1. Kindly indicate the residue of the range 108-146 that is under 27 Å from Asp31 (Cα atoms) and among the aromatic types (Phe, Trp, Tyr) and also surrounded by the most Cβ atoms within 10 Å (Cβ to Cβ) among those meeting that condition.
2. What about Ser46, is it surrounded by 11 or more Cβ atoms within 10 Å (Cβ to Cβ), among the small types (Gly, Ala, Ser), touching a residue at least 12 places away in the same chain (Cβ under 8 Å) and assigned by TED's automatic domain parsing to the domain that holds Lys15?
3. Could you please give the count of residues in the range 45-64 that are farther than 15 Å from Ala13 by Cβ and either modelled with pLDDT under 95 or charged (D, E, K, R) (or both)?
4. Determine which member of the set Val78, Val132, Val121 is hydrophobic (A, V, I, L, M, F, W, C) and assigned to a loop (DSSP other than H, G, I, E, B).
5. Consider only pairs whose beta carbons are under 7 Å apart and that are at least six residues apart or on different chains; among these, list those whose first residue lies in the range 68-83 and is closer than 27 Å to Val54 by Cβ and whose second residue is of a type in the set (Phe, Trp, Tyr).
6. Looking only at the range 49-71, which residues are surrounded by 15 or more Cβ atoms within 10 Å (Cβ to Cβ) and small (Gly, Ala, Ser)?
Amino acid sequence: MSIPNITETLLNAKKNKGLSFADLEKILGRDEVWIASVFYRQASASDEEAKLLVEALGLEPIYIQELTGYPVKGLGPVVPTDPLIYRFYEIMQVYGFPLKEIIQEKFGDGIMSAIDFTLDVEKEADPKGDRVKITMSGKFLPYKKW
């Protein structure tokens, strides 16, 4: 997976300003995961969000247009090679069908929306080693019968 040039620009500007995604969350009033998805061009910002982001990062206004453009979503057709991203791929390979079965048992035949969706990442202290806690919440969408 190649990273878009704008992503590198945004990440470098964030680093140079000493900002975290949590800091940007306070500035934009949007969740840090969503902001990171804008950085990686998996989501698009409104004009106002893009303006706030560009100002916070000290970038030229020329980047506003790119941040508000329609993104091309997804990692591509290949298996991810980055170890952290691959683990999510692996989790779905191992637990995808069990999750599908349990969701359908509880809700019926349908899917979890990735559009009406939130994703939160938390750090949990643990004496055996800190843990990553990820909470996904998506609206259930039943399949239509016709």
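The values are calculated or read from the model by the stated rules, or taken from the named source; none is laboratory data. Predicted model, so just to flag it, every value in this text is computed and none were measured. Glycine also receives a Cβ, built like all others from the backbone with ideal geometry; neighbour counts cover every protein chain displayed.
1. In this case the residue turns out to be Phe140.
2. Against the criterion (surrounded by 11 or more Cβ atoms within 10 Å (Cβ to Cβ), among the small types (Gly, Ala, Ser), touching a residue at least 12 places away in the same chain (Cβ under 8 Å) and assigned by TED's automatic domain parsing to the domain that holds Lys15), Ser46 qualifies.
3. The number of residues fulfilling the criteria is 3.
4. So the residue among Val78, Val132, Val121 that is hydrophobic (A, V, I, L, M, F, W, C) and assigned to a loop (DSSP other than H, G, I, E, B) is Val78.
5. If the second residue must be of a type in the set (Phe, Trp, Tyr), no pairs are left.
6. Scanning the range 49-71 gives Ala50, Ala56.
Conditions (1) in contact with a strand residue (DSSP E or B) (Cβ under 8 Å, 6 or more places away or on another chain); (2) in a helix (DSSP H, G or I); (3) at pLDDT 95 or above, marked per residue:
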{"site": "Thr9", "(1), (2), (3)": "no, yes, yes"}
{"site": "Val33", "(1), (2), (3)": "yes, yes, no"}
{"site": "Ala43", "(1), (2), (3)": "no, no, no"}
{"site": "Glu90", "(1), (2), (3)": "no, yes, no"}
